[in-house]
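Here the structure is laid out as structure tokens; the discussion comes afterwards.
The values are calculated or read from the model by the stated rules, or taken from the named source; none is laboratory data. No experiment lies behind these values; they were computed from the predicted model shown. Cβ sites come from the backbone with ideal geometry, for glycine too, and all protein chains shown count toward neighbours.
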Amino acid sequence: MDITIIDRGRGPEIAGTRITVYDIIQYVRAGWHHSAIAATLRLSSAEVLEAIRYIDEHKEDVNARYEKNLARIALGNPPEIQAKLDASRAKVEAWFAERGREYPGREDPRPEESTNGRDSGGR
């Protein structure tokens, strides 16, 4: 199987998936093993290794763009967008409450840097 990294406008991603090298780099930086990343993202180890190879070969550009993405994320949403998100969340929480169910929320899918990937059964 020929694994390639392509760019369809969202950044370099593993062909046939929507997983970008930026998705992979966060796990690599957290010290995760490639097989744990593969299991978490439902990829093959070969796909993860190809993404890691791409990251290594394009280290300067990938790291610069990744840091730029992190900075943008850290700014948060503009107030008008945040207000819409808050209203939507309240609506969903009310829907759950009407049915006597607890809103499950959404956990942050990004790994914690301090866990080193060991918080999920040794991944």
Query raised in the report: Somewhere in segment 21-39, is a residue among the hydrophobic types (A, V, I, L, M, F, W, C), exposed (fewer than 15 other Cβ atoms within 10 Å of the Cβ) and either assigned to a helix (DSSP H, G or I) or modelled with pLDDT of 95 or more (or both)?
Result: no
Report task. Would you mind stating whether ILE55 is of a type outside the set (Gly, Ala, Ser), surrounded by 11 or more Cβ atoms within 10 Å (Cβ to Cβ) and in a helix (DSSP H, G or I)? Result -> yes
Requested in this report: Within segment 5-16, track down each residue that is β-branched (Val, Ile, Thr) and either exposed (fewer than 15 other Cβ atoms within 10 Å of the Cβ) or on the phi > 0 side of the Ramachandran plot (or both).
Outcome: ILE6
